[in-house]
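The values are calculated or read from the model by the stated rules, or taken from the named source; none is laboratory data. Every value quoted in this text rests on a predicted model; they were computed, and no experiment measured them. Virtual Cβ from ideal backbone geometry, glycine too; neighbours counted across all protein chains shown. Quick note on the areas: whole protein, heavy atoms, side chains included, nothing else; ligands and nucleic acids left out. Shrake-Rupley method; radii C 1.70, N 1.55, O 1.52, S 1.80 Å.
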Amino acid sequence: MEIVITPDADAASEVVAGVIVGVLDTRPAPVLGLATGSSPLAAYRRLIAAHVRGDLSFAHASAVLLDEYVGLTPGHPEAYRAFISRELVDHIDLPPERLFGPDVHADDLAEACRRYDQLIADLGGVDVQLLGIGSDGHVGFNEPGSSLASRTRIKTLTRATRADNARFFEDHEQEVPRHVVTQGLGTILEARHLVLVACGAGKAAPIAHAVEGPLTAMCPASILQLHPHATVVVDEPAAAELKLADYYREAFENKPRWQQL
Ligand code: F6R
């Protein structure tokens with residue numbers, strides 16, 4: 001796992017956007033795994049800006065959602081498909097029919113989850129999966145206690161996550177859906193490159209647990225320790241509780257030129 005500590009959130013977004021650009025430039029049919037929430041937004045804005053300048057095309061790419069709420073009306077503005085369309089896909093040339101998400105309106109949700117894992121496999125797997133981290137250490141919506149081998153499935157959000165996400169629902173916690181479909185931890189681990197971005201002091205404790213704590217279902221983000229190609233991009237406040245922060249900085253500053261992120 002590589003830890004990249006940037007001076008601020010803006011620099012973190014530059015690193016994250018750079019990884020996506022690298023995948024778009026080098027893969028003939030790249031598959032991007034997209035997270036929602038606040039953490040990746042600045043990187044999405046950079047990607048949109050590069051596209052508007054004419055420097056970047058997504059025409060040959062596909063994108064898959066990391067997770068989705070269950071129980072919102074189709075087209076609800078806070079549904080994650082709507083969120084990703086609004087924050088990224090509507091502003092770039094990714095063909096809209098190549099944005100995929102789990103069918104959370106299916107009668108048979110368990111079957112829809114199986115179909116979603118199959119769809120990801122049929123696309124050839126995810127080239128780069130963007131991740132944020134919850135204050136309770138979740139990735140995707142795999143809450144503490146999630147099986148480390150889990151597949152895409154329905155999960156129940158914790159009180160803490162619903163409280164955290166109330167800001168997207170005009171601070172009405174009771175309007176945050178209780179249920180979600182999320183790629184499982186086993187599904188996420190199959191992506192070729194995991195890039196987790198976290199900024200701000202509120203992320204310092206979960207980042208320290210995920211990066212330097214034990215591999216445990218109590219901190220689902222600790223699965224990054226199992227992945228052969230995982231990059232954690234944090235600003236200084238989010239890095240504040242990392243014991244080996246100086247080592248991570250030194251390693252990054254002295255990275256051989258041939259070695260990419
Ligand atoms: C979003 C997701 C969540 C968020 C996490 C952090 O698709 O899967 O795991 O990444 O809750 O959210 P923010 O970035 O809003 O702090």
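Every residue, every condition in (1) within 13 Å of the ligand (Cβ to nearest atom); (2) in a loop (DSSP other than H, G, I, E, B); (3) surrounded by 19 or more Cβ atoms within 10 Å (Cβ to Cβ); (4) among the β-branched types (V, I, T), yes or no:
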position: G145; (1), (2), (3), (4): no, yes, no, no
position: A149; (1), (2), (3), (4): no, yes, no, no
position: I154; (1), (2), (3), (4): no, no, no, yes
position: A163; (1), (2), (3), (4): yes, no, no, no
position: F168; (1), (2), (3), (4): yes, no, no, no
position: D171; (1), (2), (3), (4): no, yes, no, no
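From the residues in segment 24-43 that are open to solvent by less than 20 Å² (accessible area, probe 1.4 Å) and either more than 16 Å from the ligand (Cβ to nearest atom) or more than 16 Å from the chain's Cα centre (by Cα) (or both), which one is farthest from A121 (Cα to Cα)? The qualifying residue farthest from A121 (Cα to Cα) is L24. Among the residues of segment 124-143, those identified as in a loop (DSSP other than H, G, I, E, B), buried (at least 17 other Cβ atoms within 10 Å of the Cβ) and of a type outside the set (D, E, K, R) are V126, G132, I133, G134, G137, H138, G140, F141. If the condition is being under 15 Å from G37 (Cα atoms) and away from the ligand (no atom under 13 Å from the Cβ), then segment 48-81 contributes only P77. The C-beta contact set for segment 124-137 (first residue closer than 13 Å to G202 by Cβ and more than 9 Å from the ligand (Cβ to nearest atom), second residue among the basic types (K, R) and modelled with pLDDT under 95, distance under 8 angstrom, 6+ apart or interchain) is empty. Comparison of R86, R114 shows that the only residue that is farther than 25 Å from I48 by Cβ and either surrounded by fewer than 17 Cβ atoms within 10 Å (Cβ to Cβ) or aliphatic (A, V, I, L, M) (or both) is R114. Kindly check whether there is at least one residue in segment 31-41 that is at pLDDT 95 or above, more than 30 Å from V176 (Cα to Cα) and in contact with an Asp or Glu (Cβ under 8 Å, 6 or more places away or on another chain). No, segment 31-41 has no match at all.
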